[in-house]
Amino acid sequence: MNKDQQLSIFKHIINTKTVNDNEAELADYLAGLFAPYADQAVKVEKVHYAPGRDNLVVTIGHGGKVLGFTGHMDVVDPGDLSAWETDPFDATIKDGKLYGRGACDMKSGLAAVVVALLELLEQGVHLPGTIKLLATVGEETGNYGAAQLTQKGYANDLDALLVCEPNNDLHDVTYACKGVVDYYVTAVGRAAHSSRPENGVNAIDHLFEFARLAKAKLDQFDQEDPALGKLTHIVSKFNGGEQINSVPSHAVMAGNIRTIPQYPNKAVYEALNNTVAELNQQPDHQLSILYSFPEEPMGGNVKSSLIQEVQATANQVLGWKPTPTVSTGANDGQEFTQADKEFTSVIIGPGGDCSHMPNEYVDLTAYYQAIAFYKQFAQDFLTE
């Protein structure tokens, strides 16, 4: 495959509008790219999530070690179009960079691994093992696709997983990530005139009580992970009340917690649930809690064999050894590593620090380097 063909696939992926939806159209396109190789032990599966939203699983080969690659097909909304110098869904090349929504996060990584696998098939490279591409829906809004594929067992045979998210143009490799817990607490009170507050129940006051008690409980989670640091917690949203001269009868607060392996999400749920239960024992207290976007922390070993193998291949292909790093963000790998089989997951891919921004771009040199790296790593990992 020449560079024009490699670029054409990338552009098509960018131009497919998958703003938190419509991944099925992109899954169909990618499935069509692999369809001609059905006679080379290539299995293509579309896994339906919702109308217009299909995950894609491409399995190449059978037996031996199993190497997974994953990338998500959805992108965030481009936002204010006047802030863009180009059409976010018309891939545009300027000064050696490709601009478009998802160019960095993370359609460049997805395109690079797709091209790498197609080239292995095109060239008839025999690998004594199995490659599995997991292209997912809904990563930007909750890792829904990865969770679904994990529940269905698609990650149960993996021996290693490369998440092709942007990571300093392949100069870094991330081996550990904090988990995420988003929560919403609702308090129900009773309205009354503000001049007679004793006749009402102030829902906002009850949320203040919750926030104070929850902070005290979570402050006790004071161990520090050597790589990821401490668990963090913020109250990030607050909404309540009807008008300024009424006792508020309803209020909602939201918070965000980043967890570490020492305090997995289960420990956080227990602490917050107990706080709600304690408050509801008091007169006139009626609180409830809802969780969303839960991701377990992903611990890792900076000296793992997978890190060493990534560095060795990168040094051979790219001329440098990626620096091991950790992340406070979430990624699909945290879902896949909840599979029945234990395996190591790392993040390495093209792209820098312009994710979710107007005029998002990727340096095309990094895109072509990622193709070469993924292609060689698959060979190195499965033949060692």
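When restricted to residues that are surrounded by 24 or more Cβ atoms within 10 Å (Cβ to Cβ), in a loop (DSSP other than H, G, I, E, B) and not polar (S, T, N, Q), region 164-176 contains 3. Any chance you could count how many residues in region 213-241 are of a type in the set (D, E, K, R) and out of contact with any strand residue (DSSP E or B) (no Cβ under 8 Å at 6 or more places or on another chain)? Of the residues in that region, 2 qualify. With the condition kept exactly as written, say whether any residue in region 284-292 is within 21 Å of the chain's Cα centre (by Cα), at pLDDT below 95 and farther than 23 Å from Ala191 by Cα. The answer is yes, given that some residue of region 284-292 is within 21 Å of the chain's Cα centre (by Cα), at pLDDT below 95 and farther than 23 Å from Ala191 by Cα. Applying the condition of being under 18 Å from Asp159 (Cα atoms) and assigned to a helix (DSSP H, G or I) to region 313-357 and asking which residue is most open to solvent (accessible area, probe 1.4 Å) yields Glu335.
Of all residues in region 69-99, which are small (Gly, Ala, Ser) and part of a loop (DSSP other than H, G, I, E, B)? The answer is Gly79, Ala91, Gly96.
In region 189-212, the qualifying residues are those that are touching a strand residue (DSSP E or B) at 6+ places or on another chain (Cβ under 6 Å) and closer than 19 Å to Ser236 by Cβ, and the one that is surrounded by the fewest Cβ atoms within 10 Å (Cβ to Cβ) is Ala211. Filtering region 131-163 to residues that are open to solvent by 10 Å² or more (accessible area, probe 1.4 Å) and more than 15 Å from the chain's Cα centre (by Cα) leaves Lys132, Gln151, Lys152, Gly153, Tyr154, Asn156, Asp157, Asp159. Summed over region 11-50, the residues that are of a type in the set (A, V, I, L, M) and part of a helix (DSSP H, G or I) give a count of 10.
Picking from residues in region 360-371 that are touching a helix residue (DSSP H, G or I) at 6+ places or on another chain (Cβ under 8 Å) and crowded, with 18+ Cβ neighbours inside 10 Å, the one that is farthest from Gly179 (Cα to Cα) is Leu364. When Thr130 is tested against (1) within 20 Å of Leu26 (Cα to Cα); (2) touching a His at 6+ places or on another chain (Cβ under 9 Å), exactly one condition is not met: (1). Tyr49 passes every criterion in (1) over 23 Å from Asp159 (Cβ atoms); (2) modelled with pLDDT under 95; (3) touching a helix residue (DSSP H, G or I) at 6+ places or on another chain (Cβ under 7 Å) apart from (2). Taken together, the residues in region 274-290 that are loosely packed, with under 15 Cβ neighbours inside 10 Å and closer than 30 Å to Gln148 by Cβ amount to 2.
Inclusion of Gly102 among residues that are touching a helix residue (DSSP H, G or I) at 6+ places or on another chain (Cβ under 9 Å) and part of a loop (DSSP other than H, G, I, E, B) is warranted. For Asn245, the conditions (1) on the phi < 0 side of the Ramachandran plot; (2) at pLDDT below 95 are fulfilled apart from (2).
From the list Val57, Val66, the one residue that fits, being in a strand (DSSP E or B) and either surrounded by fewer than 16 Cβ atoms within 10 Å (Cβ to Cβ) or touching a Ser or Thr at 6+ places or on another chain (Cβ under 9 Å) (or both), is Val66. Being at pLDDT 95 or above, open to solvent by 40 Å² or more (accessible area, probe 1.4 Å) and of a type in the set (Val, Ile, Thr) is the requirement here; does Val235 meet it? When the stated conditions are applied, Val235 passes them. The criterion of being within 16 Å of Phe373 (Cα to Cα), hydrophobic (A, V, I, L, M, F, W, C) and either touching a residue at least 24 places away in the same chain (Cβ under 8 Å) or touching a Phe, Trp or Tyr at 6+ places or on another chain (Cβ under 9 Å) (or both) holds for Ala116.
Just to check your reading of the model, which residue among Asp95, Asp74 is open to solvent by 70 Å² or more (accessible area, probe 1.4 Å) and modelled with pLDDT of 95 or more? On inspection, the qualifying residue turns out to be Asp95.
The values are calculated or read from the model by the stated rules, or taken from the named source; none is laboratory data. Keep in mind the model is a prediction, meaning the values are calculated, not measured. We place every Cβ from the backbone using ideal geometry, glycine too, and count neighbours over all the protein chains shown. When the accessible area is computed, the model is the full protein with side chains, heavy atoms only, and any ligands, DNA or RNA have been set aside. Shrake-Rupley method; radii C 1.70, N 1.55, O 1.52, S 1.80 Å.
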